[in-house]
Structure formats: C-alpha cells, structure tokens
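Below is one structure, written out as structure tokens; the observations come after it.
The values are calculated or read from the model by the stated rules, or taken from the named source; none is laboratory data. This one's a predicted model, so the numbers in the text were calculated from it and none came from an experiment. As a convention, Cβ positions derive from the backbone with ideal geometry for all residues, glycine included, and neighbour counts pool all protein chains shown. Areas reflect the complete protein model, heavy atoms only, side chains present, ligands, DNA and RNA absent. Shrake-Rupley method; radii C 1.70, N 1.55, O 1.52, S 1.80 Å.
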Amino acid sequence: MKLKSTLIVLSLIAAPAFASDQLVSKTREQVRAELAQAMQSGDMLASGESGLTLKQLNPGAYPATASAQAAKSREQVRAELEQAIRTGDILVGGESGAKLNEVMPDRYPVVVNASSKTRAQVKSELARAIREGEIVSVGEDARKLNEIYPDRYQAARHAAVAATSGEASQAPRF
C-alpha cells in the first residue's frame, strides 16, 4: 500500500514536467527529499478513495505548520483548556469522535443558542425554498429539487423575480 501511495505522489510531482514545454529537471535526491518531507509532514495521500492527506485524517499525529499555529500565549491556551474541561468540549477517548458533553450531557451545563430569526422569518424562508425548489431531494445524491427538475421550478423563479420587480400580473401563477 505504501508503494502505491509513493507512486501516486511521485506521479503527481512529475506530472507538471510532462505537461509543460519547459524541462524541469530534478535529481533523484531532490525527489527523495521531497518525498521524505511529505511523509514527515503528512502531506501524502492516505490510502483508500477518500482523497484526503494523512494530516487531514489524523491531525494529531503530525506537527502543525507555522501558518496553522496561532500566536497564543501559554495563559490563553490554559484558559481555553479549562473552559473546554468545564463545558465538556473535549473529545472522548477512542475513535468515536464524540465529545464528553455529547456522551454525558447530564454532567455538563446545557448551552443555549439564541435564535437570531423569528418564527415568521423561518416560515417565510421555508415557503420560499419550497416554492423555488431549494429543498434537498430524498436520496443519496444530495441534489436540490430545482437541479433535478429544472422545468418545474423555472416558472416559479421567473414569477418571484417578476413579483419583486412589480410585474406580478404578467407572471404565471401556481
């Protein structure tokens, strides 16, 4: 499997040289150094069909890059850790990816999210989404209804545009 990943990385590195007219010459040592650096930093593609790098799959196993590190003081990091411990916003051990406050909600305070929209606003947005086909269809492809049935929702889109421009009397009604 490692050989397959290595070959993929090497072919991706070498692809621009074949695609362009300019001759890019790298020595064998340079390619090996780039490969070793990619393996060390986790920038190699992971096995399987995910298309993710090793660092994306397991970020804790690879050092953070300089651009990813925030300039935080030790006190700020400690304060964030204490806050996460108090709220249970820490991952549970294992591979589940769940947080402590999700696994044991009775041990941690409930976080209440204040809604920024009224019920009437939400209902009007839902009605508009239904009317214009902005609802995700049932199935595994995650396409919206107006993408699957563009002919059904094209007239509704024109009617909505006409209604906002004052030409509602000429638009078709449903």
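Computed quantities for the displayed model
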quantity	calculated
Filtered residues of segment 35-52 (kept if assigned to a helix (DSSP H, G or I) and open to solvent by 70 Å² or more (accessible area, probe 1.4 Å))	GLN37, MET39, GLN40
Single residue of segment 7-34 satisfying the filter (of a type outside the set (A, V, I, L, M) and outside any loop (DSSP other than H, G, I, E, B)) that is modelled with the lowest pLDDT	PHE18
Looking only at segment 68-113, and only at residues there that are in contact with a Gly (Cβ under 9 Å, 6 or more places away or on another chain) and part of a loop (DSSP other than H, G, I, E, B), the one that is surrounded by the most Cβ atoms within 10 Å (Cβ to Cβ)	TYR108
Matching residues in segment 115-125 - criterion: being open to solvent by 100 Å² or more (accessible area, probe 1.4 Å) and assigned to a loop (DSSP other than H, G, I, E, B)	SER116
Segment 42-85, residues that are hydroxyl-bearing (Ser, Thr, Tyr) and either within 19 Å of GLY97 (Cα to Cα) or at pLDDT below 85 (or both)	SER47, SER50, THR53, TYR62, THR65, SER67
